[in-house]
Structures are given as structure tokens and as C-alpha cells.
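Notes follow the structure.
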Amino acid sequence: MSENGSDGEGLATGLATHPCRWDTCSFTSSTFKNLYEHIIEFHLGSIKKTDDWVCKWTSCPNAKQGKLFNKREHLKSHIMSHVNYFPFACQYCNQQFKRRPDLNKHINKSLGCQQRLHGLSLWDNERVCKWLADSDLHGLEGLFKARNINGETLMVIDDRFLLETLNITDQATRERLLALIRAKKRSYRGADTEKDPNDCK
Ligand SMILES: [Zn+2]
Ligand SMILES: [Zn+2]
Ligand SMILES: [Zn+2]
């Protein structure tokens, strides 16, 4: 099963229609998001608490076997297997997932995303020096290397520290460095991921 959304909404055109195959329903939608919301609202929404939680997707193997789900949440999660809808995007690498636990698992095991999650504070001195070089601050590289400045220090660095402790007398350089650090911190905070559709019970 694709978890990257390449066959999902991203490629959907205005002409693409995604039919609802729930029982005898004839609803179609141009986006998987709308289709998913339709299923939850109209089909799961019409199941009474006293009824059985059963999937009525016509091509569903569970439906054929009459398999019951013991909770609404389990059926909701199962519905995702019929719909190419990826509401959970990793805010660090943009990879998309159908379910929140899949996203969390990804972040926990992806070294790159872990580092971005923890941001600057995980950078070692070598990483800091490379960043200075990449940012055209070659002049500071040697100084930061000699003082063994790591990401944790970078997080709390201020103008006074640069001037008095590191003796960087050129004000323009100090300002440029501080602006770059601020931008870096901001980029790590990233954008919020989309609201969890499972939040609305
Ligand atoms: Zn339907
Ligand atoms: Zn099903
Ligand atoms: Zn990621």
C-alpha cells in the first residue's frame, strides 16, 4: 500500500471521481478527503450505538465475511484502507500518512526528522561549523571550532556573548549571525500538521 500519497489526492484532476462503494450508495467525490468525510458522516454516522460496527464497502473482504469491529474508532481506522486519503503530513519532511500512529512511528525512526524535531540543540561542533561555512560566514568557522561551540550554545547565543566572549567586533557580522540563528530556530518550529480527524469524536 502506498503511504506517500503519490496515487492520492495530489494527482487528482477535476475530472477524477472517487465513488463511494458503501452498500448501495451512489455518491462520488473529486477528492479522497471529501469521500472519507462522506463515509464517516453519512454511513458511520447512521450506525446506531446498538447496531453492529460492520464495514459495508462492497469490495471489502471484511464485509463479505461479515466481520464486526468492536469499536467505532476501529471501523473508522479500517475505512482508511478503502480511501487514499493522507491527512497526516510529517512537518519535517512532508511525507504523508493515513493514520496518526503511522506518522508518529515515522518521526521516531527517521533520523533526519528526529534531528529536525530536536532542532539546533542536537548539532555538534562540526555541524555548526559546516553551517557557518554554508551560510558564507567562513570567517567565523575557525573561531567556533576553537571554542568548540555546539548547537546547544548556538540556541542561547546573544550579541553580548558574540562581542565579549568571542570578540567578534564587527557589528554587521554579529547581526547577520544572530539573524541566521533566529531564522534557523523558526524553520525548526515548522508548520502545524492538519487537524486530526479522529479528534472529533
Ligand atoms: Zn456513500
Ligand atoms: Zn472494509
Ligand atoms: Zn518526516
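The values are calculated or read from the model by the stated rules, or taken from the named source; none is laboratory data. Given the structure is predicted, the values throughout are model-derived calculations rather than measurements. Positions of Cβ are backbone-derived with ideal geometry, glycine not excepted, and every protein chain shown enters the neighbour counts. Quick note on the areas: whole protein, heavy atoms, side chains included, nothing else; ligands and nucleic acids left out. Shrake-Rupley method; radii C 1.70, N 1.55, O 1.52, S 1.80 Å.
Using a 1.4 Å probe over the heavy atoms of the protein chains, calculate the carbon and sulfur portion of the accessible area of the range 9-85 as a whole percent.
Details: 2390 of 4590 Å².
Percent of accessible area from carbon and sulfur atoms in the range 9-85: 52.
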Per-residue accessible area, 1.4 Å probe, largest first, puts 102, 170 in the order 170, 102
Accessible area per residue in Å² at 1.4 Å probe, computed on the range 43-141 | 56 Å²
Quick one: of 33/67; 49/71; 49/105; 49/76, which pairs are farther than 20 Å apart, Cα to Cα?
-> 33/67; 49/105
Distance-filtered residues of the range 131-145 - backbone nitrogen under 19 Å, label point 7 angstrom along residue 167 Cα→Cβ | 138-145
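Where nothing but the Cβ of Lys and Arg (+1) and of Asp and Glu (-1) is charged, how large is the charge dipole of the range 9-85 around its Cα centre, in debye to the nearest 20? Present the calculation step by step, with values, prior to reporting the outcome.
Numbers: 10 positive and 7 negative charges, 51 e Å.
For this selection, approximately 240 debye.
Charges only on Cβ, +1 for Lys and Arg, -1 for Asp and Glu: so what's the dipole of the range 119-187 about the Cα centre, in debye to the nearest 20? Numbers along the way, then the final one.
On the way: 11 positive and 11 negative charges, 42 e Å.
My answer is approximately 200 debye.
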Kirkwood-based Rg/Rh on the Cα set of the range 9-85 evaluates to 0.98
